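Below is one structure; the comments refer to it alone.
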Amino acid sequence: MEFSKLLEQRRSIRAYAEGIEIPREDIEQMIYAAQQAPSWKNSQTGRYYVVLSRDMAETLRLTCLPDFNRDRTEHAGYIVATFKRGFVGFTSEGKATDGLGDGWGAYDLGLQNENLLLKARELGYDTLIMGLRDEAGIREMLSIPEDEIMVAVIAIGKRVSDPIKPARKPIEEIVKFF
Ligand SMILES: Cc1cc2nc3c(=O)[nH]c(=O)nc-3n(C[C@H](O)[C@H](O)[C@H](O)COP(=O)(O)O)c2cc1C
């Protein structure tokens, strides 16, 4: 799909169609796209936990999401995105190279995740990034190790209808040219 079309078509989707099976190969293509993102010294510290089984997805939804995200992601699967703590943005002795610390790892993961979202859309899927979730509950459920910082839970499935695109700020508000 043409890139500018893909950018317009990707939307945060808050209602998912029932009965959609997502083949593992499709998720692997999304992860491959994520891996093509640039990363600090090519460190690739992003990690993904993919919940496609209906039973587990339903448990995650009902027990680890606040009610609004629970309602918005019924019938979806979930991809939990984490990154290795204390690596990107740190020296080999474990000293932060600047004030951003693990913010650099989160930066790398964000670059990866946008690739993942766009690949999902290209393959005909839709997504919702969720920052509001029960981190401890998901960590325990998926055995996410303590040396990984858990960031986003991404719902994945297929939209039931096309949402209206939320407005973007005027370019003058977000950029200064010199
Ligand atoms: C870090 C992050 C956290 C978000 N958390 C939530 C969330 O918990 N629930 C939700 O419905 N949307 C969430 N969103 C989606 C945003 O609201 C959405 O991206 C924004 O309104 C722009 O809409 P668009 O994605 O369709 O362009 C989140 C997005 C990001 C990037």
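Note on residue 161 and residue 29: the model spin-label points, each 7 Å out from Cα along the C-beta direction, lie 2.8 nm apart. When peptides 90-100, 68-78 are ranked by their average number of other Cβ atoms within 10 Å per residue, the highest-first order is 68-78, 90-100. Segment residue 140..residue 18, full-extension length gain: 41.2 nm, with 0.36 nm per residue of separation and the alpha-carbon distance subtracted. Partners of residue 5 within straight-line reach, counting lysines whose Cα lies under 23 Å from its Cα and excluding those fewer than 8 residues away in the same chain: 119, 158, 165, 169. Label-to-label distance for residue 147 and residue 53 is 2.6 nm, based on points extended 7 Å past Cα in the beta-carbon direction.
Between residue 91 and residue 42, the simple spin-label model (points 7 angstrom out along Cα→Cβ) gives 2.4 nm.
Computed from the coordinates by the stated procedures, all read-outs in this text should not be read as laboratory data. Only a predicted model underlies this, so the values are computations on that prediction, with no experimental measurement involved. Here the Cβ is made from the backbone with ideal geometry for all residues, glycine too, and neighbour counts use every protein chain on show.
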